[in-house]
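The values are calculated or read from the model by the stated rules, or taken from the named source; none is laboratory data. Nothing here was measured: the structure is a model prediction, and the numbers come from that model. With ideal geometry, Cβ positions are generated from the backbone for all residues, glycine too; neighbour counts draw on all protein chains shown. Protein only, heavy atoms only, side chains kept; ligands, DNA and RNA dropped before computing areas. Shrake-Rupley method; radii C 1.70, N 1.55, O 1.52, S 1.80 Å.
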Amino acid sequence: MTHDGWTSCSTESYNTTTIHYINKDWDLKTATLNTKKMDGSHTAERLAESILETKSEWCLKEVVATTDNAANEVKAFKLLQWTRFGCFGHRINLIVKKALEQPDISRVLGKGRRLVTLYHSSSSINDYLKEKQQLLLSSMLVGHKLIADVPRRWNSSLMMLTRLNEQMPALLAVAADDRVNKSAKSTMKNCLYSFEESSTVEKVIELLQPFKTATEIMCSEKIPTISKVLPTVMKLKKMVVIKEDDPPIIRTIKTELFKQLELRTETEEISLLGTILNPFTKGFEFLPEKKTEAENILRRLASGVKVVIKKEKNDDDHHDEFDNTDAPPLPNLPSNLLDQEPDLPLVSSTSDAAETYSISDEKPDSEDTETSPKKRKVVKSKDTEDWLSDIVCMGVSSANKEDAVQAEISRYLGTSLRDCDTNHTLLEWWKKMKYFFQDSQ
């Protein structure tokens with residue numbers, strides 16, 4: 001569930017509840033359940049009551065929620081005792097907005113806003129701008145208008161700076177045009193960037209671009225993104241490492257960005273769980289110190305899942321309490337899956353420490369052994385962005401025989417990815433593997 005409060009153009013307050021679910025074809029779907037008008041104070045108690053009514057009205061089962069990081073939203077879900085994850089796009093917004101409050105960059109942004117306001121308030125000056133664009137810029141940039149930023153959206157500040165930087169030659173030419181009135185000329189002189197400020201703007205744009213990319217990745221509605229939270233955090237931390245040639249203003253912004261990343265992106269249980277349930281990130285190559293913790297969370301939560309055990313016909317060693325006549329029949333595997341068996345370990349239940357065996361009669365390739373000095377192949381999912389490839393796609397995950405504690409989890413953790421998996425998204429991979437990892441009843 002996602003829950004968000006917003007205000008209409010007529011200054012009326014509303015709350016919208018949306019659900020996100022995976023259907024039987026393994027497609028991620030979204031449906032808006034309701035939009036409720038909220039009069040009076042938006043206390044956590046009132047929000048919790050409204051959300052509970054929605055859950056009851058739609059007969060929802062256990063709910064995991066994503067909201068912004070407003071204090072009343074956080075408290076409301078604490079009162080409900082539901083699992084909640086603070087919207088990562090909203091976290092990035094708070095991180096960058098705080099960094100842009102630094103005095104030097106705040107002054108640059110202020111000059112840009114005044115310049116944009118001037119152009120938005122005068123049609124004649126915009127006509128002059130279009131003339132200069134046709135003379136000085138490529139045809140692709142002709143007709144581009146200046147963009148005003150919005151206080152609540154940091155990426156609008158990036159868009160404003162990018163457009164100002166793109167149009168600077170034409171803006172300078174307009175400022176020198178004798179047709180521009182004296183008052184407008186004065187504003188332009190005071191607000192157009194100096195050479196040093198233009199250089200700063202270029203560096204700020206370059207620095208903030210990864211945060212824009214991260215926001216776009218994490219706000220996707222078509223694919224699950226919880227497994228990309230931790231890789232994205234690691235990627236952004238790499239991007240704000242201070243370099244020797246960074247000017248003072250960039251050093252200041254990077255320092256604040258790193259500080260805010262540490263403050264607002266703490267490693268939470270749900271993000272660890274999402275990461276380990278993605279076969280392309282379960283190896284935790286980008287955050288090895290968290291791998292054991294994530295596996296322990298998975299095992300702990302899996303131990304509480306109700307499972308139907310089907311007794312084999314010739315299994316004389318099992319007692320009657322394991323028999324369940326209502327257990328579903330095992331499916332017939334499609335021929336294309338039989339031809340492309342994954343590297344799944346078989347688990348023997350006759351030993352206290354379950355042993356794992358390869359289901360293939362072929363000897364393992366030396367490249368797949370942990371002691372092999374050869375470079376491991378890179379396998380990434382179809383929906384893994386190139387921007388994250390140097391963080392999550394360190395190599396093919398290999399079976400860890402020490403993890404065989406619970407049969408199905410051990411089977412999953414021990415599954416090796418193949419080259420053909422690069423053609424699958426995360427949900428497509430799980431759809432293919434559903435014949436090997438049966439749904440619990």
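Hey, got the dipole for region 55-125? About the Cα centre, +1 on K and R Cβ, -1 on D and E Cβ, debye to the nearest 20?
That gives a dipole near 200 debye.
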> Can you list the trypsin sites (Lys or Arg not before Pro) in region 157-197 that are in a DSSP coil and have 14 or fewer other beta carbons within 10 angstrom?
Replying inline: 179
> So between residue 29 and residue 10, what do we pick up on full extension, going 0.36 nm a residue minus the alpha carbon distance?
Replying inline: 3.7 nm
>> On a 26 Å Cα-Cα criterion, which of the cross-link pairs 282/382; 75/237; 228/290; 111/145; 222/434 come out too long?
In response: 75/237
>> I need the per residue convex hull volume for region 1-145, using only the alpha carbons, in cubic angstrom as a whole number.
In response: 200
> What does the highest-first list of 222-235, 265-278 look like by mean Cβ count within 10 Å?
Replying inline: 222-235, 265-278
> Where the only charges are on Cβ atoms (+1 Lys, Arg; -1 Asp, Glu), what is the dipole of region 158-296 about its Cα centre, to the nearest 20 debye?
Replying inline: 320
> For the residue pair residue 246 and residue 209, what label-to-label distance in nm results when each label sits 7 Å from Cα along the Cα-to-beta-carbon direction?
Replying inline: 1.7
> Put a dot 7 Å past each Cα toward the Cβ at residue 107 and residue 389; how far apart are the dots in nm?
Replying inline: 4.2
> Rg and Dmax of region 161-230 over Cα atoms: what are they, in angstrom?
Replying inline: 18.6, 57
> Can you give the net charge of the other residues whose Cβ lies under 14 Å from the Cβ of residue 423, counting K and R as +1 and D and E as -1?
Replying inline: +1
> For residue 66, which sequence-distant residues (separation of 5 or more, or a different chain) have an amide H within less than 5 Å of its own amide H, given hydrogens modelled in the peptide plane?
Replying inline: 2, 3, 85
> Separation of region 18-41 and region 85-119 by C-alpha centroid, Å?
Replying inline: 30
>> Order 155-161, 142-148 from most to least packed using the mean count of other Cβ atoms within 10 Å.
In response: 155-161, 142-148
> Which distance in Å, rounded to a whole number, links the C-alpha centroids of region 166-208 and region 218-267?
Replying inline: 30
> What is the extension gain from residue 181 to residue 268, computed as 0.36 nm multiplied by their sequence separation minus the C-alpha to C-alpha distance, in nm to one decimal?
Replying inline: 25.6 nm
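Solvent-accessible area per residue for region 129-197 at a 1.4 Å probe radius, Å²?
It amounts to 59 Å² per residue over region 129-197.
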> How high is the FRET efficiency from residue 46 to residue 296, r the C-beta distance, R0 45 Å, rounded to 0.05?
Replying inline: 0.75
> Tell me, what HN-Hα J-couplings in whole Hz come from the Karplus equation 6.51 cos²θ - 1.76 cosθ + 1.60 at θ = phi - 60° for each residue of region 158-175, using x for Gly and Pro?
Replying inline: 5, 5, 5, 5, 4, 5, 4, 5, 5, 9, 4, x, 5, 5, 5, 5, 5, 4
> Using +1 on the beta carbon of Lys and Arg, -1 on that of Asp and Glu, and nothing else charged, what's the dipole of region 191-246 about the Cα centre, debye to 20?
Replying inline: 500
> What is the local net charge at residue 167, summed over the other residues whose Cβ is closer than 11 Å to its Cβ (Lys, Arg +1; Asp, Glu -1)?
Replying inline: +3
